[in-house]
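The structure under discussion appears below in the form of structure tokens.
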Amino acid sequence: MSIALITGSAGLVGSEAARFMHERGFDIVGVDNDMRQYFFGADGSTAWNRAQLEKELPNYRHCDLDIRDAEGVNALFAECGKAIALVIHAAAQPSHDWAAREPLTDFAINANGTLHLLEATRRCCPDAVFIFASTNKVYGDAPNELPLVECATRYELDAAHPYREFGIDESLRIDQCQHSLFGASKLAGDILTQEYGRYFGLKTAVFRGGCLTGPAHSAAELHGFLGYPSKQVRDNIHSRDLVSAFWHFCQNPRAGEVYNMGGGHRANVSVLEAIETAQHLAGRSLDYALADEARRGDHIWWISDVRKFQAHYPQWECEYDIERTMRELVEAAAERTSA
């Protein structure tokens, strides 16, 4: 039986991918050593999600492996060999602010770890599809140069700008801007994934996500979007919609592709609007404070133009809007609190 090897398998995207690919008949090899607990403390731990995967998925095998360990990665890939049909790389250090605390750790995970996985794929299972969960932070703060208008609850792009209708596409520059150290390390992994497709001919794809969300998210304060009087805008894509896009790519893979991936105009929200929706869904007021100070290199307005992916894979569509996604988040949080 074919293996889907998934890094960050107990995290938001990884666990969604494990369930999705398990439903489609893959044996799942999950790689996750719960570094989120090291990054963000007990609240960020994914141990609860790992336990659910091991309980619910009969063909799930967990490996407590650190992707910085090249020998360990090579040994796992050698053991599984050409049975690996799909690699979904969703493990990462995901925080702007945390990266500045330990730059060497951040780069070792996001860049070197990605290289270890790509090289192991090339050597042990070169016919496998390799998908890298990248980030729109590879564009640095270049989006902040767009003509933005401050409105009552959000920033909006000037109506005359070509990005206003569909969002930001893959032609936006990735250099001559401030990325944050996190954005730089993810960009290194992003470029490596492209190069293993273009140079070696591997079936690789980079998905540059904005805000990825869903009920399996072990949320943490350092892993969010902050500042700009809470009017900054993000499109949000449910992890199920993202993994569905992975599946469509897997069916007809290409080499070295790059896709901006998010909720687009179907699912975007400012912080203020998200608070209002959460209060409505929860049926109570939330305790919050607004801050003007933003993270360095962070975006004021981001909505992804997903038309390139849709042109390549016209059968894919984003099913979740903001309210449906947030309703799931509220319900899942209430369930975990009462458990």
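The values are calculated or read from the model by the stated rules, or taken from the named source; none is laboratory data. These numbers come from a predicted model, not from an experiment. A quick note on method: Cβ atoms are made from the backbone with ideal geometry, for glycine too, and the neighbour counts reach across all protein chains shown.
List of remarks:
- Here the condition is being within 24 Å of Asp66 (Cα to Cα), assigned to a strand (DSSP E or B) and not basic (Lys, Arg); of Val149, Val206, it holds for Val206 alone.
- Tabulated pairs, segment 133-146, first at positive phi, second part of a loop (DSSP other than H, G, I, E, B) and hydrophobic (A, V, I, L, M, F, W, C), C-beta under 6 angstrom, 6+ apart or interchain: Gly140/Cys177
- Residues (part of a helix (DSSP H, G or I) and crowded, with 24+ Cβ neighbours inside 10 Å) located in segment 80-108: Ala99, Asp106
- Residues of segment 179-191 that are surrounded by 20 or more Cβ atoms within 10 Å (Cβ to Cβ) and of a type outside the set (Phe, Trp, Tyr): His179, Ser180, Leu181, Gly183, Ala184, Ser185, Lys186, Leu187, Gly189, Asp190.
- Neighbours by Cβ (under 9 Å, 6+ apart or cross-chain): first from segment 113-126, within 14 Å of Gly197 (Cα to Cα) and touching a residue at least 24 places away in the same chain (Cβ under 8 Å); second among the small types (Gly, Ala, Ser) and not in a helix (DSSP H, G or I): Thr114/Ala91; Thr114/Ala92; Leu117/Ala91; Thr121/Ala128; Cys125/Ala85; Pro126/Gly201
- Any hit, segment 23-37, residues being assigned to a helix (DSSP H, G or I) and farther than 24 Å from Met261 by Cα: yes
- Segment 155-194, subset of a type in the set (Asp, Glu) and in a loop (DSSP other than H, G, I, E, B), residue farthest from the chain's Cα centre (by Cα): Asp158
- Among the residues here, Thr7 qualifies as crowded, with 23+ Cβ neighbours inside 10 Å, out of contact with any Pro (no Cβ under 7 Å at 6 or more places or on another chain) and under 25 Å from Arg122 (Cα atoms).
- Residues that are more than 21 Å from the chain's Cα centre (by Cα) and either surrounded by fewer than 16 Cβ atoms within 10 Å (Cβ to Cβ) or not in a loop (DSSP other than H, G, I, E, B) (or both), drawn from segment 43-62: Ala51, Glu54, Lys55, Glu56, Pro58, Asn59, Tyr60, Arg61
- Subset tally (residues that are of a type in the set (Lys, Arg), modelled with pLDDT of 95 or more and in contact with a Phe, Trp or Tyr (Cβ under 8 Å, 6 or more places away or on another chain)) for segment 198-233: 2
- Listed by first and then second residue, the pairs linking a residue in segment 195-213 that is over 22 Å from Gln251 (Cβ atoms) to a residue that is among the basic types (Lys, Arg), with Cβ atoms under 8 Å apart and 6 or more places separating them unless they lie on different chains, are Gly210/Arg234; Cys211/Arg234.
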